[in-house]
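The values are calculated or read from the model by the stated rules, or taken from the named source; none is laboratory data. Since the model is a prediction, treat every value here as computed from it, not as a measurement. Cβ sites come from the backbone with ideal geometry, for glycine too, and all protein chains shown count toward neighbours. Protein only, heavy atoms only, side chains kept; ligands, DNA and RNA dropped before computing areas. Shrake-Rupley method; radii C 1.70, N 1.55, O 1.52, S 1.80 Å.
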Amino acid sequence: VLRHNIRNELQTVIGYANMIAEQSDGEIKELAVGIADQATRLNSQSEKARQMEDIVNQTGRVSVDIKSVIKEACTPFGEVVEQDAATVTALAHPKLPVAIEELVENAVEHHEGTPSVRVSAQKTDDIVILRVSDDGSGIPKTEIRILNQGEETGLHHGSGVGLWLVKWIVERSGGDLNYEVTSEGTEVE
């Protein structure tokens with residue numbers, strides 16, 4: 001109910017801000033666009049809160065076709081994402097596509113130019129290694145440290161919930177999550 005009410009109220013704020021932006025110019029227009037952008041981000045976080053609830057409530061793993069999961073997760077991003085996945089199956093949390101989509105979205109959203117993102121998967125022995133690589137500036141070290149610690153505080157917190165979704169899905173899939181940030185980009189495995 002809370003999430004539904006927040007979403008409805010934010011839609012109203014976005015609507016009013018867009019109306020003000022359309023009927024204004026200069027600084028008032030810029031401020032209205034800023035309000036709409038912030039409200040849209042809050043609305044997105046509300047949706048991610050719903051996804052968190054789904055992730056926590058779903059227990060167990062299912063057999064998934066990794067190539068199909070990658071295709072599903074990357075479809076919204078079109079040509080920006082190169083896909084290279086062997087045809088393998090793995091036991092994973094049913095929301096695995098959400099984790100991949102979050103990593104790709106993060107790479108695209110935080111890139112300052114035209115991003116290059118690659119999602120790949122391969123099977124070695126009894127495990128499937130799934131990688132999302134990009135050529136952006138990288139996930140800030142503070143974000144990775146907070147994720148590795150497993151908790152946020154009032155003084156030390158991340159900037160969003162997307163990477164937490166990834167962490168929880170990977171853990172509930174029985175996997176390990178590793179980040180490597182270099183001058184050439186980020187690789188999440």
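Would you mind calculating the gained length between H4 and A86 on full extension (0.36 nm times residue separation, minus the Cα-Cα distance), in nm to one decimal?
My answer for the length gained is 25.5 nm.
In deg cm²/dmol, rounded to 500, what helix-only [θ] at 222 nm does the chain give when every DSSP H run of at least 4 residues adds -39500 (n - 2.57) and the total is split over its residues?
-17000 deg cm²/dmol
How far is helix 26-57 tilted off the main Cα axis of the chain, in degrees rounded to 10, range 0 to 90?
Helix 26-57 sits at roughly 40 degrees to that axis.
Can you compute the FRET efficiency between D125 and E180 using 1/(1 + (r/R0)^6), with r the Cβ-Cβ distance and R0 = 22 Å? Round to the nearest 0.05.
The pair D125/E180 has a calculated efficiency of 0.55.
Output the 0 to 90 degree angle, nearest 10, between the alpha-carbon long axis of helix 2-22 and the longest principal axis computed from the alpha carbons of the chain.
50 degrees
Once the mean 1/r over all distinct Cα pairs of the stretch 15-81 is inverted, what Kirkwood radius in angstroms do you read off?
Its Kirkwood hydrodynamic radius stands at 15.4 Å.
Give me the percent of accessible area attributable to carbon and sulfur for the chain, probe 1.4 angstrom.
Of all accessible area on the chain, carbon and sulfur atoms account for 49 percent.
Any idea of the accessible area per residue across the stretch 1-53, 1.4 Å probe, to the nearest Å²?
Here the residues of the stretch 1-53 average 72 Å² of exposed surface.
For Cα extents along the principal axes in Å, one of (1) 45, 34, 32; (2) 61, 39, 34; (3) 55, 48, 31 was computed from the structure I shared and the rest are decoys. Which label?
Computed from these coordinates, Cα extents along the principal axes in Å corresponds to label (2).
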